[in-house]
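Okay, so here's the structure we're looking at.
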Amino acid sequence: MRLDKFISSQRPDISRSMVKELCRKGMVSVNGQTVKKPDTHIDESRAEICVNGERISYREHLYIMLNKPRGVVCSSKGGRSRTVLEIIPEEYRRSGLFPAGRLDKDTEGFVLLTDDGELAHKMLSPKSHVPKTYFARLEKPWEEGYAEAFAGGMTIDGNEKCLPAEFKGGKDPFECTLVLHEGKFHQVKRMFQALGNRVVYLRRISIGSLPLDPDLPLGKCLEILHKDVEKLLAR
Ligand code: URA
């Protein structure tokens, strides 16, 4: 790969024209040697690239955990609403980044942003049954029969059959958690509606076996470490 392409793909805050300038100033090195030509070809998986003394490590893909606030949409184009891609900091804005799975505009919580289409496909495929856990606050107290109703595979809107889901009532009679193994449109809201209740607040708190970092403030994001990426697919 070309040196300028490598640096700007790993560090979206450094454009290719900036790399050219940095090379000219002698601030870019490859394996300890200063490199003045931005079109130099490098072996991106092995070469040690430094910009201004700082090592730029190679990551083929980026995985970002965003704690989505209300009012932000999970699509690439938002119209008049802000999108998840618009609220993340500059340094994470890589080309090809997209939200893997959607939360409603009024739902908060864990959204994965990535440029890894293969992982997103595996995570979202209905066949993979990757669990997604939600915390919900309800309009009316939850009832004893809910766990059984969810576990039995509920039918919503007359004819849409859902996979078995795990319901757990909270100490607070209006609060609960629900684990789904698929992602139908407005699914949590429609499931509670089928039980004669209504969701008044919803937050996704985990994907696979990876929980939303409890210290991550709303609207903020962090990079998911390599060792944790597989957890996004754990059943
Ligand atoms: N189910 C819903 O109803 N809304 C969401 O945003 C996610 C799951």
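The values are calculated or read from the model by the stated rules, or taken from the named source; none is laboratory data. Source: prediction; values computed, not measured. Glycine also receives a Cβ, built like all others from the backbone with ideal geometry; neighbour counts cover every protein chain displayed. These area figures cover heavy atoms from the full protein model, side chains too; ligands, DNA and RNA do not enter into them. Shrake-Rupley method; radii C 1.70, N 1.55, O 1.52, S 1.80 Å.
Radius of gyration (Cα atoms) of the chain, expressed as a multiple of 2.2 N^0.38 Å: 1.25.
The loop-placed trypsin sites (Lys or Arg not before Pro) in the range 1-51, going by DSSP, that have at most 13 neighbouring Cβ atoms within 10 Å of their Cβ come out as K25, K36, R46. Spin-label model, K37/D213: points 7 Å from Cα along the beta carbon direction are separated by 4.1 nm.
For the range 109-235, the orientation-averaged shadow of the C-alpha convex hull comes to 8.3 nm² (one quarter of the hull surface). Here the label points at A147 and R82, each 7 Å from Cα along the C-beta direction, are separated by 4.0 nm in the simple model.
Of all segments of the chain bounded by GluC sites (Glu not before Pro) found in a DSSP loop with no more than 16 other C-beta atoms within 10 Å, the longest spans 145-235. From helices alone, the chain scores -5000 deg cm²/dmol at 222 nm; the rule is -39500 (n - 2.57) for each run of n ≥ 4 DSSP H residues, then divide by the residue total. Can you tell me how the range 56-146 classifies by the Cα gyration tensor, rounded, prolate or oblate, using a/c under 1.5 as the rounded cut? Oblate shape, in that a/c is at least 1.5 and b/c is the bigger or equal ratio.
Listed values for the range 219-235 are Karplus-derived 3J(HN,Hα) couplings in whole Hz (6.51 cos²θ - 1.76 cosθ + 1.60, θ = phi - 60°), namely x, 9, 9, 9, 7, 7, 5, 3, 5, 9, 4, 4, 5, 5, 10, 5, 8, and x replaces Gly and Pro.
Taking the centroid of alpha carbons for each part, the range 161-187 and the range 94-132 are 18 Å apart. Here the range 132-207 was treated as a single set of alpha-carbon atoms; its pair distances binned every 5 Å from 0 give 3, 17, 33, 29, 15, 3, 0 percent. Projected label points at E160 and E139, each 7 Å from Cα along the beta carbon direction, are separated by 1.8 nanometres.
Here the translational diffusion coefficient of the range 3-56 follows from Stokes-Einstein with Rh set to the Kirkwood radius across Cα pairs; for 25 °C and 0.890 mPa s it amounts to 231 µm²/s. Using Cβ point charges alone (K and R +1, D and E -1), the dipole size of the chain about the Cα centre works out to roughly 640 debye. Shown are M191, M27, whose ranking by accessible area with a 1.4 Å probe and every protein chain present, most to least, is M27, M191. Within the same chain, aspartates and glutamates fewer than 8 places from K127 are excluded, and of the rest, those with a Cα less than 13 Å from its Cα are E182.
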